[in-house]
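Student: After the structure tokens below, expect a handful of questions from me.
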Amino acid sequence: MSRVCEFTGKRPVTGNNVSHANNRTKRRFVPNLCKVTLLSDRLDRSFKFRISAHALRSVDHVGGLDTFLLKSKDEVLSDNARKVKREIAAAG
């Protein structure tokens, strides 16, 4: 299972740990992924996703799963999220 957000496409990036003596060692910055179950109002069903905490806050801010998926671009969504988006669009 890769460490990629299903809604925003956030993935690990690399950087350096820098010590006080300015020694540099490689490290990874991984997104804060959460396994969540979100409810669709139009389909009256729940769906499981693995999304970042930032994406979860965005879903709440926009007003729910349906509006977030309909506003988001298909390029950044995972295959599972794209499938749910198509179902929501067809229902509404």
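A short reminder: the numbers here are calculations on the coordinates, not readings from a lab. No experiment lies behind these values; they were computed from the predicted model shown. Ideal geometry is used to build each Cβ from the backbone, glycine not excepted, and the neighbour counts take in all protein chains shown.
Student: Give the residue list of trypsin sites (Lys or Arg not before Pro) in the chain that are DSSP loop and have at most 14 other beta-carbon atoms within 10 angstrom. Don't skip to the answer; put the middle values down first.
Tutor: On the way: sites: R3, K10, R24, K26, R27, R28, K35, R42, R45, K48, R50, R57, K71, K73, R82, K83, K85, R86; in loops: R3, K10, R42, K73.
Counting only loop positions with at most 14 other Cβ atoms within 10 Å, the trypsin sites (Lys or Arg not before Pro) in the chain are R3, K73.
Student: Something else: Which one of A89, S19, V59 has its Cα pushed farthest toward the positive end of the charge dipole of the chain, where Lys and Arg give +1 and Asp and Glu give -1 at the Cβ?
Tutor: Checking the options against the dipole of the chain, the answer is S19.
Student: Evaluate the relative contact order of the chain (contact order divided by residue number), counting alpha-carbon pairs under 8 angstrom at least 6 apart; express in whole percent.
Tutor: Working: 128 pairs, mean separation 25.7, N = 92.
About 28 percent, as a whole number.
Student: Here's another thing I want to ask about it. Pick out, in residue order, every one of the GluC sites (Glu not before Pro) in the stretch 2-92 that is DSSP loop and has at most 12 other C-beta atoms within 10 Å; say none if there are none.
Tutor: Values: sites: E6, E75, E87; in loops: E6, E75.
Loop-located and lightly packed - E75.
Student: If you rank F7, F47, F29 by fewest surrounding Cβ atoms within 10 Å, what's the result?
Tutor: Fewest to most other Cβ atoms nearby, the residues stand as F29, F47, F7.
Student: Summing +1 for each Lys or Arg and -1 for each Asp or Glu, what net charge is found among the other residues whose Cβ lies under 11 Å from the Cβ of C5? Let's see the in-between values first.
Tutor: Values: positive: R3, K10, R11, R50; negative: E6.
Net local charge, C5 excluded: +3.
Student: What do you get for Rg/Rh of the stretch 13-91 when both radii come from the Cα atoms and Rh is the Kirkwood radius? Please list the in-between numbers first.
Tutor: Numbers: Rg = 17.3 Å, Rh = 14.6 Å.
Result for the stretch 13-91 is an Rg/Rh of 1.19.
Student: Now for a separate question. Count the lysine pairs in the chain whose Cα atoms lie under 25 Å apart, taking only pairs 8 or more positions apart in sequence or on different chains.
Tutor: 20
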